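So the structure is just underneath, and the comments pick up after that.
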Amino acid sequence: MREELYNYLVLNSSVLTLQEVFLNFFIAVVLSIMIFVSYRISHLRAVYSVRFNISLLMLTLITTLVMSVIGNNIALSLGMVGALSIVRFRTAIKDPRDTAYIFWSIAGGICCGVSEYIIALIGTLIIFMVMLFFGKIQNNERYLLVIRANREQSKEIEELINAAYAGKAMLKVRNSTSQSVEFIYELSQQIIKTYAKDVNIAENLYQLEGVNSVNLVCQNDEINQ
């Protein structure tokens, strides 16, 4: 029984030929290039990182290398899991889609490492088409209108904002001291497009006495500025 178990764990391994190894890595390179192009197309904004995209390409090839070594050798796979478990990654993921691309790269490398080329190519092609269609969808940007003024002008400021944006500006924060007041309004992208052409809110606010500053800040989930 022990000898049979030993043979199954250690000796039951498939040895790849040189041709199969090159084919595995060739398909992995093709898949990684598709992942690279997909990530580049779907991240056209400031959040795009060339180094992260290159890391995705390398991750596919490294996973292919690991899977080619492991094959169906259970003992080697357990040892590899133990060795890799000591690795700790501290890289912050700025975009939730980056996690999906990491899993995509790993999955592609696994398929290539076990010579499942059809599954790898069909799966990568389907995901590539899906990302081309949905990849450019961005979060609706929000704008924060920050107004600082003397406390005596509080009522005039609120009336002016309500009139300028037809009551659609949402008051998020109102900070006040004995002499000053700060308003923070949230404006959607649609409100900005609808009323920005006809309303110069900064000029209208500065016409009120006591208004010290007016700031319009764009905020979204990818990058705050």
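The values are calculated or read from the model by the stated rules, or taken from the named source; none is laboratory data. Nothing here was measured: the structure is a model prediction, and the numbers come from that model. Cβ atoms come from the backbone with ideal geometry, glycine included; neighbour counts cover every protein chain shown.
Overview of values
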read-out: Residue satisfying condition, being at pLDDT 80 or above, loosely packed, with under 14 Cβ neighbours inside 10 Å and more than 30 Å from ILE33 (Cα to Cα), within set ALA166, ALA202; value: ALA166
read-out: Among the candidates SER154, SER105, residue that is part of a helix (DSSP H, G or I) and touching a strand residue (DSSP E or B) at 6+ places or on another chain (Cβ under 6 Å); value: SER154
read-out: Hits in segment 169-189 - residues which are closer than 14 Å to TYR143 by Cα and either surrounded by 15 or more Cβ atoms within 10 Å (Cβ to Cβ) or touching a residue at least 24 places away in the same chain (Cβ under 8 Å) (or both); value: ALA169, LYS172, PHE183, ILE184, TYR185, GLU186, LEU187, SER188, GLN189
read-out: Residue count, segment 133-162 (criterion: more than 20 Å from ASN212 (Cβ to Cβ) and modelled with pLDDT of 85 or more); value: 1
read-out: Output for segment 1-20, where each listed residue is at pLDDT 60 or above and either surrounded by 15 or more Cβ atoms within 10 Å (Cβ to Cβ) or of a type in the set (Ser, Thr, Tyr) (or both); value: LEU16, THR17
read-out: Hits in segment 36-51 - residues which are at pLDDT 85 or above and surrounded by 15 or more Cβ atoms within 10 Å (Cβ to Cβ); value: PHE36, SER38, TYR39
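Each row is one residue, and each column tells you yes or no for (1) over 12 Å from the mean Cα position of the chain (by Cα); (2) surrounded by 12 or more Cβ atoms within 10 Å (Cβ to Cβ); (3) modelled with pLDDT of 80 or more; (4) of a type in the set (Lys, Arg).
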position: SER32; (1), (2), (3), (4): yes, yes, yes, no
position: LEU61; (1), (2), (3), (4): yes, yes, yes, no
position: ILE70; (1), (2), (3), (4): yes, yes, no, no
position: VAL87; (1), (2), (3), (4): yes, no, no, no
position: ALA92; (1), (2), (3), (4): no, no, no, no
position: GLY109; (1), (2), (3), (4): yes, yes, yes, no
